[in-house]
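Inspection log for the structure reproduced underneath, given as structure tokens.
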Amino acid sequence: MSEKHPPKHADQHPKPHQPTPAADETAAGVAVDTAGGTISPSALPASAQSGKLPGGPDTLLRKIFTGSGMVSVLAVLLALVIGGLLIAATDERVGATSSYIFARPTDFLSAVWDAATRSYVALFQGSVFNPRGSSLAARFAPMMETLTIATPLITAGLGVALAFRAGLFNIGAQGQIIMAGILAAWVGFALHLPLGLHLLLVLVAGIMGGALWGGLVGLLKARTGAHEVIVTIMFNYIALYFLRYLLNTPAFQRPGESNPISPILDPTAIYPQIFGSQYRLHLGFVLAIAATVLVWWLLNRSTVGFEFRAVGANPKASLTAGINVSRSTILVMAIAGALAGMSGVAQVAGTEKVLTDGVAATYGFDAITVALLGRSTPWGTFAAGLLFGAFRAGAVQMQIQTGTPIDIVLVVQSLIVLFIAAPPLVRAVFGLNPRRKKPAKAGKSQQAATTGGAA
Amino acid sequence: MLQPPIPSGSCTDASRLVRVLKLELRGITKRFGSLLANDHIDVVVEPGQIHCLLGENGAGKSTLMNVLYGLYEPSEGEILIDDKPVSFRGPGDAMAAGIGMVHQHFMLVPVFTVAENVALGAETTKAGGFLNLEDTRRKIKQISDRYGFDVDPDALVEDLPVGVQQRVEIIKALVRDARVLILDEPTAVLTPQETDELLDIMRQLKSSGTSIVFISHKLREVKAVSDTITVIRRGKVVGSASPGDSTAELASMMVGRAVSLTLDKAPASPKEKTFQVKDLTVIAPNGQHTVDGISFDIARGEILAVAGVQGNGQTELTEAILGLQDRVQGSILLDNVELVGRSVKDVLNAGVGFVPEDRSVDGLIGTFSIAENLILDRYDQPPFAKGISMSPAKVLENAKSRIDEFDVRTPSGLLAAGTLSGGNQQKVVMARELSRPLRLFIASQPTRGVDVGSIEFLHKRIVSERDQGTPVMIISTELDEVMELADRIAVLYKGKLVGIVPAGTGRDVLGLMMAGISAEDAASADHAGPVKADTPATETPPADTKDAATAERRAASSPEGGDHV
């Protein structure tokens, strides 16, 4: 870091009037050249001194200390509060009471409270538990719907999270889901195989499709240095238009149908429903749990995951330690693609049972948010996937019951992302971390001041 | 520009009129949470003095200066200027009061010219709000001429050598009428030549009435320019010293115990030559030969130290051996096995231990735990992994024993390596590389940014690795370190090997060789006296330059040398 000037500068300043010998100059006392209080505990934490440690939070301890999980929770809370205010702003009674707000402010406030809580109660009833259900099964139906919607979010989210841990921003879950969906669906309706084998093949085909589509990005990145963000975005388009093309070819289009829709998958190729036919919840959810466990193990207990994390945190040190960074890049993208591919399978073999050009919906993009909210940890992503599944499942019920537009859920989702991207904002709102705030602020003002012309 | 009012005691006008300024820090205490970075520090900077704050990194020097510069608010204590208490809300206040600071890492916009950088933040404008750079240019010329800075106001900062960039920072402060100049570790980024030029500049500034607060842990420089030395340890002032005190005294004050500045090293007993480099050339992406036809060998049980000014091919040489360079010609033989063209993993598995020059970039993953960093290049080998399944228990077990063996000061092996101090980080890297049987050990800048106690320890480990019969290669830009460790010394200059000389070779000869003069010429020039304009040799040292007393005499002799200017 220091002394990084090229050699030409070393001898560029011959000052004849300067009699100090060069030999003496280089003889600066290394023996007493000191730094880093090893003998005494350093008066400042090393991070506070240098502040240039590459990478994000990784060790368990650090996670607890930085409390980033807490920020996620608070971000959700804050987004819900603001969402509630937005709901209230569109409410008729709130509008009416606001006209005499100074006369009777309590009317106004209770109207705001009512509007927000009614909507959120409806959201809850639509996503977790509906006490007015006619039977026990009906009461739990919302939760099953939540889990069904959460399934593709979780697996695709895991793909994004895993790549992120290896330092890659995988925007390509959408395309990976689509490619997986194409292959899985084709195996599902074109081949006619015995029960069990057929489904297995559907799953393998989907996973392979996603893995190839993702791995290709890794290959391009490793071999040519192409940036994964650009490549994955373009691959999303390629996948989407490829799907649209296929759905207009005889091989994929349903016979006797002019719409771009595939034949229905064979019954042998469909995920079995876990709790019987009254719910849509299918085997894909169990596989999503398994995938979460697997990714956790991969990241924390395997050499492969060690490589991923090392490359993600400090590629130069990884290279110096003999880790094959190119191979890691390709492998992590392939695994990320495979995970997104599981979402594609869950869609065609679980929820939809056909292939349309809307097979991926917006799952691939929501997966980025899910991974972000889950802090790129496997179980965090799992929880975030459940939350977003609940939002989506509950939004419909909320609109039916209270007339609150579904879009408010999208607003809440966006607010969550916004707050997660700005942890200091969240901490400031909740008045957290006053102790750590000062040095950080000072550091910032230092930069601002000095680059802004101070000194 | 920032000109907020100074709440208590307006000293601004007074200090501008009076050219000299007395600065006093009284009972300054700064806490970060439970951490006490500064503990009731009292410092008085008399007008027109060079006042040195001496202390190890992490002792609290920089925190103190950031308090003085208005970047941190002190938890307790006050700052007095000309005996009037002031309080700074930000650097703007400090600057208005006549305090300027040059940070260790420069705060310059690389794509701006010198004049633009100097003007930045205090831009003067013409009628209509247009930028008036002419004014700034004139001021830069004035200052530059006055102190012999030799700075062109219209040069782009990114084109300037580091030493000149530093002068731009100093000009920035002077243009703003700084009467007290804080220099935070100014020599860390400079070559020895640039360092001496800076010391001259500091003396000139002093003679024109500017006080300087000089932060350093390099004793030679401190002794050369300081008028007063305040030693800080663990956030406290442990005492004052005079520049006449001996190096050993200052060092022990700084560290808090007696330190041995010399290394007890048995003579080498070189065995068979197992490591050979033949005609090695490394070609940079721009076609330049960063390493140019180098040949040397190292025997088992021998330390070859590679000396040279930073950036003369040392980095590329080690990277080529490790397999990190793409375009390598020639041959590198270890135990008669060719290493050129092998992957890094193959090279490491062939028994090469490597300590990279920049531990935070190449040696450690700051966010990984110490335990994980200790197996960074063996994570996939037993006992840490079976197949692809890793054993966290084994990793932690390994960490415990390494931490004990290398005396890494940490409460737990699970802490992130980035939270360790520089010396402890270096011990982690060293522990990792030395904890397996080696066929070759390469350490690049093994003690850069490491405190005295750790240096002693790390040097001993390197020597004991040699004594176990490993060929050892040390790359260092610190000549003292080279001379202390080496059994033979190779000198690199512009990618070429100037020569390999025996361990006892004099400091002046080595210095000349580092400037590209061959060993024979250097030796004769050395005896003939100062003949080379850029690398004059004024004294011929006795053969045993490791002697602490000699070093001290040299350090003491530097100020006289500088006064000629």
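Let me confirm something: among A:Ala338, A:Ala321, which residue is under 30 Å from B:Ala393 (Cβ atoms) and within 14 Å of chain B (Cβ to nearest Cβ)?
Residue meeting the stated conditions: A:Ala321.
Name the single residue, out of those in region B:54-92 being of a type in the set (D, E, K, R) and more than 7 Å from chain A (Cβ to nearest Cβ), that is nearest to B:Asp184 (Cα to Cα).
For region B:54-92, the residue satisfying everything is B:Lys61.
Of all residues in region B:377-417, which are touching a residue at least 40 places away in the same chain (Cβ under 8 Å) and either among the basic types (Lys, Arg) or in contact with a Pro (Cβ under 7 Å, 6 or more places away or on another chain) (or both)?
The one that is touching a residue at least 40 places away in the same chain (Cβ under 8 Å) and either among the basic types (Lys, Arg) or in contact with a Pro (Cβ under 7 Å, 6 or more places away or on another chain) (or both): B:Arg378.
Could you please give the count of residues in region B:361-376 that are in contact with a strand residue (DSSP E or B) (Cβ under 6 Å, 6 or more places away or on another chain) and without any contact (Cβ under 8 Å) to a residue 40 or more places away in the chain?
Of the residues in that region, 0 qualify.
Quick grid of which residues meet (1) within 11 Å of another protein chain (Cβ to nearest Cβ); (2) more than 22 Å from B:Asp480 (Cα to Cα); (3) in contact with a Cys (Cβ under 7 Å, 6 or more places away or on another chain):
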| position | (1), (2), (3) |
| --- | --- |
| B:Thr247 | yes, no, no |
| B:Val259 | yes, no, no |
| B:Pro267 | no, no, no |
| B:Lys271 | no, yes, no |
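Which ranges mark the strands (runs of 3 or more DSSP E) fully within region B:44-120 that have 2 or more residues being within 23 Å of B:Thr195 (Cα to Cα)? Before the answer, list the steps.
Values: elements: B:50-54, B:76-81, B:84-86, B:99-102.
Hits in region B:44-120: B:50-54, B:99-102.
Any residue that is under 14 Å from the mean Cα position of the chain (by Cα) and buried (at least 24 other Cβ atoms within 10 Å of the Cβ) - is there at least one of those in region A:309-327?
No, region A:309-327 has no match at all.
Take the residues in region B:355-386 that are closer than 18 Å to B:Ile442 by Cβ and more than 7 Å from chain A (Cβ to nearest Cβ), then tell me which one is surrounded by the fewest Cβ atoms within 10 Å (Cβ to Cβ).
Within region B:355-386, the match that is surrounded by the fewest Cβ atoms within 10 Å (Cβ to Cβ) is B:Arg378.
Can you name the condition, by its number, that B:Ala119 falls short on among (1) touching a residue at least 24 places away in the same chain (Cβ under 8 Å); (2) within 11 Å of chain A (Cβ to nearest Cβ)?
For B:Ala119, the failing item is (1).
Looking at (1) within 16 Å of B:Asp177 (Cβ to Cβ); (2) outside the structural domain of B:Leu36 (by TED's automatic domain parsing), which is the one condition that is false for B:Gly129?
(1)
Please work out if B:Arg220 is within 14 Å of chain A (Cβ to nearest Cβ) and at positive phi. Steps first, please.
Details: within 14 Å of chain A (Cβ to nearest Cβ): yes; at positive phi: no.
Taking the combined requirement at face value, the residue does not satisfy it.
Would you say B:Thr447 is touching a Gly at 6+ places or on another chain (Cβ under 8 Å) and not in a helix (DSSP H, G or I)?
No, not satisfied.
Give A:Ala115, A:Ala122, A:Ala150 a once-over and let me know the one that is part of a helix (DSSP H, G or I) and within 24 Å of A:Ala290 (Cβ to Cβ).
Values: A:Ala115 fails: within 24 Å of A:Ala290 (Cβ to Cβ); A:Ala122 fails: within 24 Å of A:Ala290 (Cβ to Cβ).
A:Ala150 is the lone residue from the list that is part of a helix (DSSP H, G or I) and within 24 Å of A:Ala290 (Cβ to Cβ).
For region B:241-268, what are the residues that are loosely packed, with under 14 Cβ neighbours inside 10 Å and at pLDDT 85 or above?
B:Ser242, B:Gly244
Of everything in region B:130-157 that's part of a loop (DSSP other than H, G, I, E, B) and touching a residue at least 40 places away in the same chain (Cβ under 8 Å), which residue is surrounded by the fewest Cβ atoms within 10 Å (Cβ to Cβ)?
Restricting to residues being part of a loop (DSSP other than H, G, I, E, B) and touching a residue at least 40 places away in the same chain (Cβ under 8 Å), the top hit is B:Asp154.
Does B:Pro383 qualify as being modelled with pLDDT under 90 and within 27 Å of B:Lys460 (Cβ to Cβ)?
Spelling it out, it is not the case that B:Pro383 is modelled with pLDDT under 90 and within 27 Å of B:Lys460 (Cβ to Cβ).
Can you list the helices (runs of 4 or more DSSP H) lying wholly within region B:289-404 that have 2 or more residues being farther than 24 Å from A:Ala166 by Cα?
The helices (runs of 4 or more DSSP H) meeting that bar are B:314-322, B:344-349.
Being in the same structural domain as B:Ile143 (by TED's automatic domain parsing) and modelled with pLDDT of 85 or more narrows it down to one residue among B:Val67, B:Val86, B:Val111; which is it?
Sole residue among the options that is in the same structural domain as B:Ile143 (by TED's automatic domain parsing) and modelled with pLDDT of 85 or more: B:Val111.
The values are calculated or read from the model by the stated rules, or taken from the named source; none is laboratory data. None of the values given here were measured: they were computed from a predicted structure. All Cβ positions, glycine included, derive from the backbone under ideal geometry; neighbour counts span all protein chains shown.
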